[in-house]
Structures are given as structure tokens and as C-alpha cells.
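The values are calculated or read from the model by the stated rules, or taken from the named source; none is laboratory data. Please read all numbers here as calculations on a predicted model, not as lab measurements. Glycine also receives a Cβ, built like all others from the backbone with ideal geometry; neighbour counts cover every protein chain displayed. In case anyone asks, the SASA skips ligands and DNA or RNA and just uses the protein heavy atoms, side chains included. Shrake-Rupley method; radii C 1.70, N 1.55, O 1.52, S 1.80 Å.
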Amino acid sequence: MTTASTAAGRTQTSGPETADVVVVGAGFSGLYALYRLRGLNLKVVCFEAGDGVGGTWYWNRYPGARVDIESMQYSYSFDDDLQQEWRWPEYFSPQADLEDYANHVTDRFGLRDLIRFNARVNRLRYDERAGRWDVSTERGDRVIARYVIAASGALDATNIPDFPGLESFRGEWHHTSQWPKEGVNFEGKRVGLIGTGSTGVQATTAIGKTAGHLYVFQRTPAYSLPANNRPLPADYELDWKSHYAERRSVMHANFALGYLPVQQHGSVFDYTPEARTQILEQAWQQRNGLLFLRTFTDTMLSLEANEIVAEFIRGKIREIVKDPETAELLCPKTYPVGTKRICMDTGYFETFNNPNVTLVDVKSNPITEITPSGLRTTAGEYDLDILILATGFDAVTGSLTRMNITGVGGVDLREKWAERPTNFLGYMVAGFPNLFMIHGPGSPGVLAQMITGGEKQVDWVTGVITDLDRNGYASIDTTQEAEQDWGAEMAEMAAKTLYQHANSWYVGANIPGKPRYFMIYIGGFDQYQKRCDEQVGKGYEGFVLARNEVRAGDEVPTGDEVPAGDEQRPA
Ligand code: NA7
């Protein structure tokens, strides 16, 4: 027994603090989880590594950071007053507006005092005798909880490639997702930027405007579409606000959780080459961003169909970029369009027409080392004042595997996932009872609109917790058999698409040693939701529920005092 002050300033006189639920992460899903769990009168503690809310939109504050889904859609749907009152200044919000929104929601719904900031979870240990999760943070918090909701982010664990000499660099260097709050001054500076995914595309466009000289080190060129971002017109906002109820219900039933007013034209092969070009040109001019890929129904299903759309985009790049050699280098040719996350830009390719921006091909001439004064490739040396790594993330699983999670029998999640991130329905991993993942592997996660996806996943999890409490169950787990079946179901769907054809972070190919496996449920959120609800409807088929004497509302004892549960399936 100890006496300790908690982060919230409370004084404890006995053992570690207890809670019904620990939520990891105060991003958009984590915040909504806090709102729902508090509404269920559960005691909830949230640990957040940053000193503010917003998750992805807290960390990614690099110049040009902007969402690629319209903000009228990429926003919470759970509270009509909120969506009526909040005003988005632009179609596609910049990071600062999304962070403001996250703060507004936190305070409007009184969630801030549930969150411990600057508290990165570094240990999650399941105590099977107690039937409890023992949660610790780097700064020394400890909470014992019945449930854990890992809303730790699909794009959170930074990928810093092992460049020899990085630490010797005398200038300043930053990964885009750990950007200094005070900003970086590029005025008159020689800036090097490595990486041309969504982040690199956005950062290049912004930094190219102010840097003395910007060198963009490109290994794989990106397909990028014009976002056509602009101030949100009042009549457009009014139209959305007066139709929110019906549009949100369309979104909730949509495969990507989007409201997609796009005309689909059937197979690209139904048209003559001239007619298809005309249709693609119209879609390009309408500038509906990601919807462009849906112009034809077979773009993501047939390599030949995909190549037609890809070549149209290459034609646009060649039109925009004046230097033919640079244009050719910027044309993606080694993977089908859409199989890596498509980028959206506000003048990316145009940036390379500026005399202060140079594209460097590090595919043909790889980076060999970072030197004290810059960067060396097999072809030459570049003197730099500032180096930016837009090198992405250990996506989808990284935020989970780095938390040191151990389940039943002390099994480490990293060992369990050595070959692939097994799971059931994207929510649970066998042997890790009462631990729920949001936007984890096995869920539609990053392939659906993530704020609404987070709401729906949190609703599902809180529904399960309510069900368990109501029926006297203390824990829920899944089985290896259910994991295998879910893995097979996912793989069967993925095999019909072109996603396997790219070395993307969707398949873990960007992280050395990470097993190559398509981690995302590709069947659409509508189908996913149906499958999850079906399993619950069939008496939690694929899950294992267990009772013990501890029930909701009981005082939750710490570790050793709780008797083990007896395992059984519900009738
Ligand atoms: P991405 O999409 O993973 O892009 C990372 C970029 O960094 C990509 O161009 C990589 O090239 C490049 N990269 C990574 N390692 C290296 C090394 N060692 N040398 C040279 N270039 C390298 O991350 P983002 O942050 O842009 O986007 C992540 C998601 O956030 C995005 O998809 C949206 O959903 C939002 P590669 O392609 O591996 O050759």
C-alpha cells in the first residue's frame, strides 16, 4: 500500500488506481470513447502521449498538413447541435482547424479532466488471475482496469529509417509527425526533404514557397490529384447543414462511410479511348479528389483498367511540369494507381517548375548517409541547413506493438503477431481479453472515413461492454480459430483487388522485417458492420465470454485479490 498523488492531483491511499476502462489516445476515436463511456457511468481514464488532444491532428503539424476528405463529412456525427454550430472555413481543413475542433469538442463535452496528458503508455499487462489490465505509463502512472480501448492511432508510430550518420547532422532535422509547435523557419535555408507520400507531397508544396532551396529526395513517385481546396461557400455549408440527418445516414451505410455524389460510368472498357479520356477529363475538372478513382467501376479490380487511369494522370503530370526529365521522374510507373494511398495536393507538381525546387532521384542513386553538413547519395552530395523526414509510419500495428502488451500466459503481442497481425473482426486478439482495438488491423480503418469509422467502432465496443455487464459476464476474448477464419475472409476479398501489387504501408512493406500482409478489411465498412453485428447476434459466435464474481458497479479490487473467472460461452 502506498500513498501517491495522481496526475489529476487526487491522493490515493491504497494500491494502484482503478478504473472500469482505460482509453489509450485522445485522438478523435479516443475522445468519442470518453464521451460514450462516461455516458454509461463507467469510470474511465485516458492516457495521451501528447500535451493536447487530436491524435494524428495534434502530431502532424508540418507545413501543408491538411485532411483529404471534405470537412463537412470528416467530422463527428454523434451530436447534431455540434455539427450545426461548428463552422469549417475550408473544404479540406488544415491541421490547425482540426486541432481547434478537437479542443472544442473536448471542452464542449467536458472530457478534458478524464485525460492524463504527456502520459505515453509503455506497458499493458493482462493479469489473468485478477482478470484485469495493469496499465503503466512512461512517467509513472499506473491504473488497473477491467477493459482497455486502444485508440492509439493507425498512423502514429513514426518510421525513421536507419540512415547512417543522421545523428551527426549539424543542422536541424525533424520527422513530419513530430513537428515542433513553434514551427520551423525555412526562409533562405537549404532544405532537404525525404519522402513523397501524402505527407511529402503536402510539405513540398508548402515549403517550396518559402525555402531558399528545396531538394526533394524521391524514391517512389506518387499519384496525386488536385484537391481544389477553397474557402467553404456559405450556400454549400447551409446545404449540408440542412441535410445533415439524411446525408449522415447515407454515409453510415456507405462502404467508405462517405457521401459520394459521383457519377460512376461502369467499366472503362465500355468506352472508346476518346470517350474515356473525355470522362476522365470531366472528373479531373470536377476536382472531387479521391472520388476521381471511382470514375470507372473496375479501376481497382483490373490491372488493364487501372493502367488507363494511371496513364491519364501521367499525362496530367507531363502537362503541368515544364522540364520533361523532371516530369518523367515524377510519373509513377511501378505500381497501380490507388494501391498506395492516393495523394491530394494543392499545386504539388507545379512546385517543380519553381527554380528553388529540385527533384533528386534516390531510387537510381540511393541515399548512402547523412553527413554533418547534409546528405550523400551514390551520385553526389547536398549541403543542407534543415533535413525533413516525410518517411511515414509503422502503420496500423505500430502503435500497438510498441506499447509492450502482454496477454494470457505473458504472451507478448509482438510474438503473437510475428507472422501476421491475427485478430477477430479487427477488434480483438485471442489471448488478450477485454482489450479492444479501434482502427486496428482487420478493420476497415484507413480505407474508410476515420472519424465516422471511429464513432461506429466505439459504439460497437461500448455496446459489447454494456451487454457483458447486463448479462453478468466479466470478460470477453476470441479464439485462434475465429482469427483464422477472419484472416481467410479478409484475404479472399483482398485477393480480388490490386492492393497486393504495391509495396505500400497497407501491406507493411515500408518497414524492414515487418511481415508482408494486407492488414485492412477491404469489404467496405457497411459489410464490416454487418459481419460484426452478425457475430453478436449469433450469441457472440467466435468470442469466448467468462463470468466471475466481479460485476459492474462493484469496487474493483487490485490484481491479486480478484478470483479467476470460469470460462464459458453464452447460451
Ligand atoms: P508514406 O505514404 O509511407 O510515405 C513515405 C515516403 O517516404 C515514401 O515516399 C517512401 O518511399 C519514402 N521513404 C521511406 N523510407 C525511405 C528511405 N529510406 N529512403 C528514401 N525514401 C524513403 O507516409 P506519409 O506520411 O506520406 O503518409 C502516410 C499516410 O498519412 C498517408 O498515406 C495518408 O493516409 C495520411 P517508398 O514509397 O517507400 O519508396
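Do we find that T204 is touching a Gly at 6+ places or on another chain (Cβ under 9 Å) and closer than 16 Å to Y348 by Cβ in this structure? Outline the logic, then answer.
Values: touching a Gly at 6+ places or on another chain (Cβ under 9 Å): yes; closer than 16 Å to Y348 by Cβ: yes.
Yes; evaluated as a whole, the condition is true for this residue.
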Does V550 count as at pLDDT below 95, of a type in the set (A, V, I, L, M) and out of contact with any helix residue (DSSP H, G or I) (no Cβ under 7 Å at 6 or more places or on another chain)?
yes
With the condition kept exactly as written, say whether any residue in the stretch 166-185 is closer than 25 Å to V23 by Cβ and away from the ligand (no atom under 16 Å from the Cβ).
yes
Residue satisfying condition, being modelled with pLDDT of 95 or more and within 16 Å of the ligand (Cβ to nearest atom), within set M490, M519:
M519
Looking at (1) of a type outside the set (K, R); (2) under 26 Å from D394 (Cα atoms); (3) in a loop (DSSP other than H, G, I, E, B), which is the one condition that is false for D485?
(3)
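Sort through Y91, Y62 and tell me the only one that's within 14 Å of the ligand (Cβ to nearest atom) and either of a type in the set (S, T, Y) or open to solvent by less than 50 Å² (accessible area, probe 1.4 Å) (or both). Don't jump to the end; show me each part of the working.
Details: Y91 fails: within 14 Å of the ligand (Cβ to nearest atom).
When all the criteria are applied, what remains is Y62.
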Which condition number does T299 fail, the rest of (1) open to solvent by 20 Å² or more (accessible area, probe 1.4 Å); (2) not in a helix (DSSP H, G or I) being met?
(1)
The lone exception for L193 - which of (1) assigned to a strand (DSSP E or B); (2) of a type outside the set (G, A, S); (3) more than 10 Å from the ligand (Cβ to nearest atom) it fails:
(3)
Any residue that is of a type in the set (D, E) and either part of a loop (DSSP other than H, G, I, E, B) or crowded, with 21+ Cβ neighbours inside 10 Å (or both) - is there at least one of those in the stretch 309-318?
no
Residues that are open to solvent by less than 50 Å² (accessible area, probe 1.4 Å), within 16 Å of the ligand (Cβ to nearest atom) and touching a strand residue (DSSP E or B) at 6+ places or on another chain (Cβ under 8 Å): does the stretch 94-106 have at least one?
yes
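May I ask you to say which residue of E237, E246 is open to solvent by 30 Å² or more (accessible area, probe 1.4 Å) and part of a helix (DSSP H, G or I)? Show your work before the answer.
Values: E237 fails: open to solvent by 30 Å² or more (accessible area, probe 1.4 Å).
One residue alone meets the criteria, E246.
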So which residues in the stretch 205-226 are open to solvent by less than 20 Å² (accessible area, probe 1.4 Å) and in contact with a Ser or Thr (Cβ under 6 Å, 6 or more places away or on another chain)?
T205, G208, V216, Q218, A222
Which condition number does Q282 fail, the rest of (1) under 29 Å from the mean Cα position of the chain (by Cα); (2) of a type outside the set (D, E); (3) in a helix (DSSP H, G or I) being met?
(1)
Of the residues S168, S198, S152, only one is farther than 18 Å from N356 by Cβ and open to solvent by less than 30 Å² (accessible area, probe 1.4 Å); which?
S152
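Does T158 qualify as being crowded, with 20+ Cβ neighbours inside 10 Å and at pLDDT 95 or above?
On the way: crowded, with 20+ Cβ neighbours inside 10 Å: no; at pLDDT 95 or above: yes.
Criteria not met by T158.
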L290 fails exactly one of the following numbered conditions: (1) within 16 Å of the ligand (Cβ to nearest atom); (2) open to solvent by 40 Å² or more (accessible area, probe 1.4 Å); (3) in a loop (DSSP other than H, G, I, E, B). What is the number of that condition?
(3)
Taking R120 and the conditions (1) surrounded by 19 or more Cβ atoms within 10 Å (Cβ to Cβ); (2) closer than 19 Å to E48 by Cβ, which numbered condition does it fall short on, given that it satisfies the others?
(1)
